[in-house]
Each structure stands twice: as structure tokens, then as C-alpha cells.
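As C-alpha cells, the structure follows; a few thoughts come after it.
Nothing in this text is a laboratory measurement; each read-out follows from the coordinates by a stated rule. Computed from a prediction, not measured in an experiment: that's the story for all the values here.
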Amino acid sequence: MMGKSSIERIYRYADVFHCEPIEKTADDFIVNLNIPEDNFDNVTDCRYMLPDYWTIGEVYERLIEDICGDNEARVIECLIEVYTSWIDGAISNYNTDFYYQSLDYIYECYKEGRVLE
């Protein structure tokens, strides 16, 4: 399973990993870490145009940067925090408009612990 040390390795060597196609890099980690196949599928049920992984990655990246502030030592901790919190489900629900709201709004929602109206 992918733990903190694997995430730290990915972060530390991101400049190397980005030289390969993202699909290959992801598949290498899935195989090497024995990540089991599951039935999570937010793509099949999507009724609208899907964001590409660069676009959705930017949403997560900015949120993590906003949470960490200038404390780069907390990046891994914040990354894990975001991906295991309620907001991951809101961002990855492509049948809503949440993921393409302003980054400031997404950050405020995260701080409040809910989607703000």
C-alpha cells in the first residue's frame, strides 16, 4: 500500500518521474506497491466533460499549497490530509461544479469543513 514514505519518495523525485508518461509512472507505482484494484470509478458516471489530470492536479496542488503556506516541510502531511479528507470527494465529483470553482473558494470550504453556499 502507498504510505507516507512512498509519497515522500514520489515528491522528492518528481523531477525525475515527470520524464516518463504519467500513465506509465502511475502503473509502475501500482505494480511495485501492490496497490489492489478496486471499484472506485468517478469517470464512468460522469455526465460532463472530464478534466484532464493536469487540470485536476492543479486544483489539489493549489489547495495543498494554501494549507501549507510557506512551511514546505508540511507538504507531505498536507497532501495526505487533503486526499483523506471530505474535500477529496467533493473535488473528484465531476458531476458538480465544485472542482472548477475559484481556488480561494475551495480553500475556504476546506477550512470550514463543508461546501459553502
Next item on the list: Please build a GNM for the chain, connecting alpha carbons under 10 Å apart, and tell me which residue among E77, E23, E61 fluctuates the most.
Entry: E23
Note to self: Using only the alpha-carbon atoms of the range 1-61 as identical scatterers, what base-10 log of I(q)/I(0) does the Debye formula give at q = 0.30 Å⁻¹?
What the structure shows: -1.29
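If you take the Cα atoms of the range 48-117, find Rg, then find the Kirkwood Rh from the mean of 1/r over all pairs, what is Rg/Rh?
Details: Rg = 11.7 Å, Rh = 12.3 Å.
Radius of gyration over Kirkwood radius for the range 48-117 works out to 0.95.
Provide the three semi-axes, in whole Å and in decreasing order, of the ellipsoid equivalent to the chain as defined by the square roots of 5 times the Cα gyration tensor eigenvalues. Working shown, then result.
Working: eigenvalues 112, 78, 35 Å².
Computed over the chain, the values are 24, 20, 13 Å.
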Next item on the list: Note down the relative contact order for the chain as a percent, whole number, built from C-alpha pairs under 8 angstrom at least six residues apart.
Entry: 25 percent
